[in-house]
Every structure is written in structure tokens, then in C-alpha cells.
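Enquirer: Please find one structure pasted underneath; my questions will follow.
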Amino acid sequence: MRSFEGAPVELRDIGHAYGTGDLARPVLRDVNLSVGPGEIVLLTGPSGSGKTTLLTLIGALRGVQKGSATVLGQQLAGAGERQRVALRRRIGFIFQQHNLLGFLTARQNVAMALELDGRTRESERLERAGDMLEAVGIGERAESVPANLSGGQRQRVAVARALAGNPGLILADEPTAALDKQSGGEVVRLLRELAKRRGVPILLVTHDPRILDIADRIVAMEDGRITATEAGASAAG
Amino acid sequence: MSTSVTRAPGAPPPDDRLLSWAPERTPDHTRPPSWDAPPPRERRRAQPFQPLRFLLLPLRLAWRQLRAEKARLASAIAGVMFACVLVFMQLGFRSALFDSATALIQNMRADVFLMHPLTTASFKPETFPRARAHQALALPDVQAAVPVYLAQASWRNPENGSKRAVQLIGFDTEAGVMDFPGLQPLVDTLKRPDTVAFDARSRPEFGDMTRLLKERGPFEVQIGNRMMEVTGLIEIGPSFGADGNVVLSEVNFRRLIKERQVSAVDLVAIKLKPGADLEATKRRLAELLPRDVVVLSQAELVKWERDYWEQATPIGFIFAFGSLMGLVVGMVIVYQILFSDISGHLREYATLKAMGYTNFFLSRAVLSAALILAVLGFLPGLGLSWLLYDQVGQATFLPLNMTTDRATTVFLLIFVMCGLAGLLAMRKLRDADPADMF
């Protein structure tokens, strides 16, 4: 892993607005946030509070307009498309929906995250994908296509995919939104477990009060600002 | 489930895999071996460019995606195949037209021809003075020159009495200047009055001469207003200008077409002395003869005839247009398939982009899908066209032949067609924006 100084995520005075000129609608104002190594941070807040935008900025999916954002040692302010794509390869993404490729098996889906690394062999990739699926507890369903998996299983595959490339950071956007209480809880706990073991920090946007207990820190946002930060149940426990 | 964790803010982990404080480092913590995460390795150094990976990975992704939806794949292949067959048939007809339009000329074997410059095609010739044939003999390299008379007359089918226009080719068959396949053994019989040689490859509407000749021996048919004796068969083949051909001597031609003046000829066929320089002789003939004739080699005469059909008629355009339409329809089908494949997978594509796949990688995947369709559609298209060439060729008596050249041309056309469809569909990839995924 490329080494870097400082925290995996370091945001300074981040501001962001949609639209231009008079129509510009600010969604983020003066956001300062730092995520330490291995830290699990939950972002909560009402919809429209800017937490998703913040996540896309950190994930290098959007250009930074104002302020400075250093993610995994890469300064994103003024970074070009090529640098941003390169950074994305070092981040694991988990979305509301699993977004698995329906025409690939679970194993092949996970292997897609490894294909970006030009120095791996196909057999190696599939083997590692299998290991990852074992790690998320659905090793026996490795050859199933997503259509034949339950919602919870699919999200587990998505977790395996996000972790397969040994990311330096995991960004998750409401990973439990499409799941029932039990499987949602299982998936995030699994995610937490695996991330903790590797020391990978997680930034997770959620509305779901049932999973707040996995956090080291909970950051509440409202109207584009961070309004409160509290230690999570995990850290307190 | 909650484990106590003390963080070390700001301090980078000493080990990629496990942090010093990770709970797993404590000996009392046991876990199933399957939970062992695969060891992270040193990665993302500068990767050498690997052309095989560069092309094969998107190709494989494209193939897997195409394969997943059998019905869609089948309709895409059918679309490409349709375009393929259409283009093959159009090009086949076009080439058959030109080949058969020039069948008569191609089978007239002589070294040099004289023709009136205003003659556009052999079936409607402009006449010029017979004297040109004699003038040509002035050159020492010219061994013989025979005038050729062309006309169309009605032929009465000896089997059912129906009438049909037939092309008459009258010339001095003895002179040995102009030859048709199968003519040599008939030279003597054609000297007799009112005898003709019939083109065995004429359309069947003229009657099955081959069978009749075998059954009855030489027999009489009505050509124009005269009974002529069919004594043998030659091979020329029907063309668009004439469905059937009849070769006869100059004298018999005059008997049949009484209104034709002997002095007005349609072509002059010239035989050169062995070892004569064709080009030089042509040049000298052109200098020698008045401007009412052009001097052509046989290849040039064929080209003259072909140019007529290509340029003076819309036939060439029609077939080119037909081919183009086939390609456009095929392109639209392929574009539709690719486009709906992309729009149906926008979220997945956006996810791939978020994972660090470039737009370029996905573009290569889309293009690969297009080219897979090109290959998968071309192969059955080729087979079907081959079959159709055979069937249609038999039914229409057109020389429809599958040539390597044409197969290559069509494959390239289909390839370009699918490629363009892929390039068009690729624009849809821009809609897969990973920033909209959250």
C-alpha cells in the first residue's frame, strides 16, 4: 500500500455548491473532518444535509470546489481525472444497492475489483475472490449469480468486493437501506469486523439508528455543516 | 459484539494487514481460518502496459454480458446476419449483373476490336462502315479482320411455341478470328445455309435445346420469319441485354436480317500475327483509321460494356444503395442492442467507474461487444448467403459466386458497421456517473 503521512481522510474548510451563479445552491459549508487509521465514522443527518455529497468528494467521484481534501495522502483539490481514478482504486465503495453485475457470479464480481491490478493472474484473482467470499460467510454461494442470492447475501458480496482490493479506506452509503433489520445488522457488523482486522477506516453514511453502535465516532450533519460529534457506542464500550 | 478499541489518531499503521491494537493480535481471540483475510501485497507500483490484458479483459466482460441475455444476443446476431445477407445479395447481384452483362463480350475471343465510339452497349450497337475491316488489314501485324453483325430477333420456342428475343451474332465463323467456347467443331456445319449454333446456357424459356438436340439431332426453329436449323451448341450465357444467344455465319445472318446492309457492321474483330505488339498495333490502328471507330482490346471492350451498366444505368447505384440500407439497418439494430445493454446496466457501470475502472475501459468493452456481434453475425450470414447464392443462382441463371474477395469486403463492412454502432452507443457511457451513485 502506498504509504502516506497523516490521517487517511483530512478535510479542511470544504465547501461545495450545485449550480452556478445566482442559482448556486451550497450543500457543504466549512466542513472539517478527519478520519484516523482504523476508525469507523458514521455520518448521520437529515436528507439534504450534504453527507452524501461529502462522501462523493472523499471518494474522488466529484471534483473539490473549495477547501482542501487529503485522502490516503492524495490532495484532491485540483486533482485531475487520472489522479482521481487512481485514488478510487484504493477506496472500497459500498452502495445502497449492491450494484453487482448481474451477468457475473459472486466470485467474478469480487474478482472485478482485482482485475484493476495488472500484476495478478486470473487464477490468483478468482482464488482471492473466493477467500473474500469465505470471509463474508457466503463461500458456498461463490458460483451463484446475484439474482439467485438474497438481499443480505448480495450486500455481503458487495462488501467482499469493496474489501477485495485491500483498500485504504471504505466508503459506504446507507448499506443497510435495502435490507431488513437482521441482515442489515449482520452486514455492517461483518464489515466492521473485517475492516477492524485490517485497520481500514470506514466512513459510513446512514439513517439507520440500528447500526449506530458499530461506530467509533458519530458525526451529525445538518444544512451542510457538521453540527455534532460524539463518541460511538463502540468506542465508549 | 462491541469490542473495545483505543485508537492511535494520526499514527500510520506499522503493518498493512493488522494494526498493533487489532483485537486479533490478542492470543485469546480465536477465529475460523476461513476468516483469514487474504494477505495484502505490495501493489500499485507502475504497471507495465500489457496489450493482451488491455484488450482481453474488456472483451471478456463484453462477452459475459452478451452471453447473459440469450434472447437479446440472438436478436442482435439475427440483426447482423440480416445485414450481412442483404449486403451479400446486393453485392452478388451487382457483380452478377456486370458479369452477365458482359458475358457475350467476354466470350468473344479476339485480340483487338473496332467499335463505333457511340456504341454504348453490345445490345444496341451503332454501325460503322465495313471498309474499316479492310483498312485494318493494311497493317502488317494484322493477320485477319472479320466484321461482326449484332441484332436481336424473336425466337420461337420449339417446345411450346412462345416467342422471345434472342441475340444474333453473325460473323465469318471460318476465319478463326473470333472464337466462342464450343464453336470450333461447328464451323463446318455452320457453313450450310440457314444453320445456327445456339447458346446452351440461354434461359430455359427458349426451350431445352440440349435435350432436343440429343433426342432429334439437328432440327428447325423459327427465328424472326425464317426457319433456321439448330446444328449445335455453344456456351455464352444470358446477360441483362439478351436472354439467349445464337451464333451464325455472316451469310446466314444476312438471310435472316434482310434489312441490314452488308456495309454496316457493329464490330470488327481483329486477329494479330503471332508475336505482334498489341499496344503498338492498337496505337497504329487508331492513327490509321478515321474517327468513326475506337480501337479496343478485349479487356477494354469488356470494361466499356461494364461501364455502361455501371454509369449509364442506375443499376450500380441501386445495388450500392441496397447494400448501404442493409448496413444502416444492421447498425441501428446493433446500436439499439448495445444502447439498451448500457442503459440497463448504468448503475453497474457507474459502480465499476467508482471502483476505478476508466471510461476508456468501459468504452473498450462496448466496442468489444460490437465486434463480437460482428463476428457472430457474419459467420451464419456467410453460410446463409452461400446457400442463397446457390439457390438464387440456379433460379435466375445469374452467375452468383461466393468469392474470398467479396467475403472479406462484406466482413469489413459489417465490422465497420458494428464498430460505428459501438462508437455511437459508447456516448451513453457518459451517463454512468459514479457521483450519482450515492
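The values are calculated or read from the model by the stated rules, or taken from the named source; none is laboratory data. These numbers were taken from a predicted model, which means no experiment stands behind them. Counting neighbours? That spans all protein chains shown, and the Cβs are built from the backbone with ideal geometry, glycine included.
Enquirer: Here's a check for you: in the range A:218-237, which residue that is touching a Leu at 6+ places or on another chain (Cβ under 8 Å) and surrounded by 18 or more Cβ atoms within 10 Å (Cβ to Cβ) is modelled with the lowest pLDDT?
Expert: A:232
Enquirer: All but one of (1) crowded, with 20+ Cβ neighbours inside 10 Å; (2) hydrophobic (A, V, I, L, M, F, W, C); (3) within 36 Å of the chain's Cα centre (by Cα) hold for residue B:256, so report the exception by its number.
Expert: With (1) crowded, with 20+ Cβ neighbours inside 10 Å; (2) hydrophobic (A, V, I, L, M, F, W, C); (3) within 36 Å of the chain's Cα centre (by Cα) applied to residue B:256, the lone miss is (3).
Enquirer: For the range B:271-356, which fully contained helices (runs of 4 or more DSSP H) count at least 3 residues that are more than 27 Å from the chain's Cα centre (by Cα) and without any contact (Cβ under 8 Å) to a residue 60 or more places away in the chain?
Expert: Answer list for the range B:271-356: B:278-288.
Enquirer: Being assigned to a helix (DSSP H, G or I), over 24 Å from residue A:71 (Cα atoms), in contact with a His (Cβ under 9 Å, 6 or more places away or on another chain) and free of Cβ contacts under 8 Å to residues at least 60 places away in the same chain is true for just one of A:157, A:187. Which residue is that?
Expert: Just a single option satisfies the conditions, and that option is A:157.
Conditions (1) touching a helix residue (DSSP H, G or I) at 6+ places or on another chain (Cβ under 9 Å); (2) buried (at least 20 other Cβ atoms within 10 Å of the Cβ), marked per residue:
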| position | (1), (2) |
| --- | --- |
| A:23 | no, no |
| A:31 | yes, yes |
| A:45 | yes, yes |
| A:50 | no, yes |
| A:55 | no, yes |
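Enquirer: May I pose another question? Give the residues of the range B:392-423 that are farther than 20 Å from residue B:323 by Cβ and modelled with pLDDT of 90 or more, sorted by residue number.
Expert: Here is the first cut: in the range B:392-423, the ones farther than 20 Å from residue B:323 by Cβ are B:394-395, B:397, B:422-423.
Result: B:422, B:423.
Enquirer: Output the qualifying pairs, or none if there are none: Cβ atoms under 6 angstrom, residues six or more apart or on different chains, first residue in the range A:191-220 and at positive phi, second residue hydrophobic (A, V, I, L, M, F, W, C).
Expert: A:199/B:19
Enquirer: Is one or more of the residues making up the range B:220-235 surrounded by 15 or more Cβ atoms within 10 Å (Cβ to Cβ), within 16 Å of residue B:107 (Cα to Cα) and touching a Leu at 6+ places or on another chain (Cβ under 8 Å)?
Expert: Looking for residues that are surrounded by 15 or more Cβ atoms within 10 Å (Cβ to Cβ), within 16 Å of residue B:107 (Cα to Cα) and touching a Leu at 6+ places or on another chain (Cβ under 8 Å), one finds at least one in the range B:220-235, hence yes.
Enquirer: I've got another one for you. Checking the conditions here, which among A:171, A:203, A:163 is within 9 Å of chain B (Cβ to nearest Cβ) and part of a strand (DSSP E or B)? Full working, then the answer.
Expert: On the way: A:203 fails: within 9 Å of chain B (Cβ to nearest Cβ); A:163 fails: part of a strand (DSSP E or B).
It is A:171.
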